[in-house]
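The block underneath contains the structure these notes are about, expressed in structure tokens.
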Amino acid sequence: MSRMRVSARTDERQPLYLQIQEHFKQLIQLGAMEDNDKFPTEKQLMEQFGVSRMTVSNALTQLAKDGWIYRIPGRGSFVSPEIRSEEAKNLENKQLDATDVQEHDERASSRKMIGFVLPLLEDFFAIRLLKGINSVLANTEYYVSIVLTHNSKEREKEAIQELIKNGAVGLIIFPIDAETYNEEILLLKLRKFPFVLIDRYLPGFDTHCVCSDNWMSAQLAVNHLWELGHRDIAICSDISIHTVTVGERIRGYMEALKQKGSMINPALIVTDFQLTDTIPTEKHPLYHYLKYRTATAFITLNLKLGLNIAGVAKRLGINVPRDLSIITYDNPSSAIDEKPAFTHIDQHELEIGAKSAELLLKLLNNQESVTEPNKVIVKSALVFGESTEEL
């Protein structure tokens, strides 16, 4: 089994290389990748999407052929500035008259900026959040400006300051993975600046936020694996357990086991470790768990970790799902109708994004219903895929 089987049957779904192409086209169109930005290496793309070198090569070849990227032998692939020039030409070809152009400029200049701060834009989770936000703001006087923090606390602070300095009237913030929150976020509340948090809230310091039901979603995962006959169920995260989201999911996991009268094995709660893209298999933090079959099933609290474990299992000759079941958080595929490669917790990112934008609009319009901090919970769902099987 590949690390990320984006598609299981090419006759029923869009081919893998096309899905990879669409992923990067969206990043370029949304401005997350700019002119001359370097693409990940082929090896990194193979790891990210869990596909073969040939699939990655086909995707990059077609992107280059279509003018989205240019390639320099020995150096890699880069975003082509020509693609934006082509879009400009298409706009000119519409032959708008002078009045239309003036009206267009007036409308553009009158729109107000909403800043969207998030750690990374490297998977479909973040893209779906952005689509949800845009679905609400598309026909309003607001537009979205994206700033990536690369999971850096300092960069997150700078991003908030820069957006406000550049005229943002409100912010939607997906905080970085950390035990404590950026003081800049706390200052926003003290200054009564309109903002909404996504996926996080501040214990003891209420703010407007939109989150998934982490506690219940973990129970959905445990219940599914239990029904399949699994009893040694591990839950793991490479993010600190003290992060609110991780803590809630682990408490949900423990509650589900308690309800079934099962003893909680602390050894199966694996957190506070770090992964790197270059770590050898035998040095992987979960290598011994997999090699010695400590658990028959894993719940991974983020998508990248689930794909990573599947890759290590493959290299150890462990078949997923026959020998090992895996449930990840979030769908690794762009497909929405067909059976996915991984059984996963769908957090309904489109809805989270849309509700965060709706809440922020209410704040900007000074609606009385949001004078007190609102905590909006979006229910998650378990989606059956091909990575879990009866024990």
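Side notes on the structure shown:
- The set of residues in the range 172-201 that are touching a Leu at 6+ places or on another chain (Cβ under 8 Å) and touching a residue at least 60 places away in the same chain (Cβ under 8 Å) comprises Ile172, Pro194, Phe195, Val196, Ile198.
- For the range 255-300, a residue qualifies if it is of a type in the set (Phe, Trp, Tyr) and out of contact with any helix residue (DSSP H, G or I) (no Cβ under 9 Å at 6 or more places or on another chain), and the qualifying residues are Phe273, Tyr292.
- Qualifying residue in the range 304-313 (condition: farther than 18 Å from Asp238 by Cα and either modelled with pLDDT under 95 or of a type outside the set (Phe, Trp, Tyr) (or both)): no
- In the range 108-144, the residues that are open to solvent by less than 60 Å² (accessible area, probe 1.4 Å), of a type outside the set (Ser, Thr, Tyr) and farther than 27 Å from Asp330 by Cα: Ala108, Met113
- Looking across the range 220-243, the residues that are open to solvent by less than 10 Å² (accessible area, probe 1.4 Å) and more than 30 Å from Leu187 (Cα to Cα) come down to Ala221, Val222, Leu225, His230, Ile233, Ala234, Ile235, Cys236.
- If the condition is being closer than 24 Å to Asn151 by Cβ and not hydroxyl-bearing (Ser, Thr, Tyr), then the range 219-242 contributes Ile235, Cys236, Asp238, Ile239, Ile241, His242.
- For the range 9-33, a residue qualifies if it is assigned to a loop (DSSP other than H, G, I, E, B) and either in contact with a Lys or Arg (Cβ under 7 Å, 6 or more places away or on another chain) or modelled with pLDDT of 80 or more (or both), and exactly one does: Met33.
- Residues being open to solvent by 50 Å² or more (accessible area, probe 1.4 Å) and in a helix (DSSP H, G or I) - total across the range 198-219: 2
- Scanning the range 43-75 for residues that are in a helix (DSSP H, G or I) and of a type in the set (D, E, K, R), we see that the one that is most open to solvent (accessible area, probe 1.4 Å) is Lys65.
- Residues of the range 234-265 that are small (Gly, Ala, Ser), in a loop (DSSP other than H, G, I, E, B) and within 24 Å of Lys379 (Cβ to Cβ): Ser237 alone.
- Residues that are in contact with a strand residue (DSSP E or B) (Cβ under 6 Å, 6 or more places away or on another chain) and open to solvent by 10 Å² or more (accessible area, probe 1.4 Å), drawn from the range 185-194: Pro194
- Of all the residues in the range 244-279, those that are within 25 Å of the chain's Cα centre (by Cα) and open to solvent by 60 Å² or more (accessible area, probe 1.4 Å) number 6.
- Residue count for the range 156-168, restricted to those that are touching a strand residue (DSSP E or B) at 6+ places or on another chain (Cβ under 8 Å) and surrounded by fewer than 17 Cβ atoms within 10 Å (Cβ to Cβ): 3.
The values are calculated or read from the model by the stated rules, or taken from the named source; none is laboratory data. Remember, it's a predicted structure, so these values are computed and weren't measured experimentally. Cβ: placed from backbone, ideal geometry, glycine included. Neighbour counts: every protein chain shown. When the accessible area is computed, the model is the full protein with side chains, heavy atoms only, and any ligands, DNA or RNA have been set aside. Shrake-Rupley method; radii C 1.70, N 1.55, O 1.52, S 1.80 Å.
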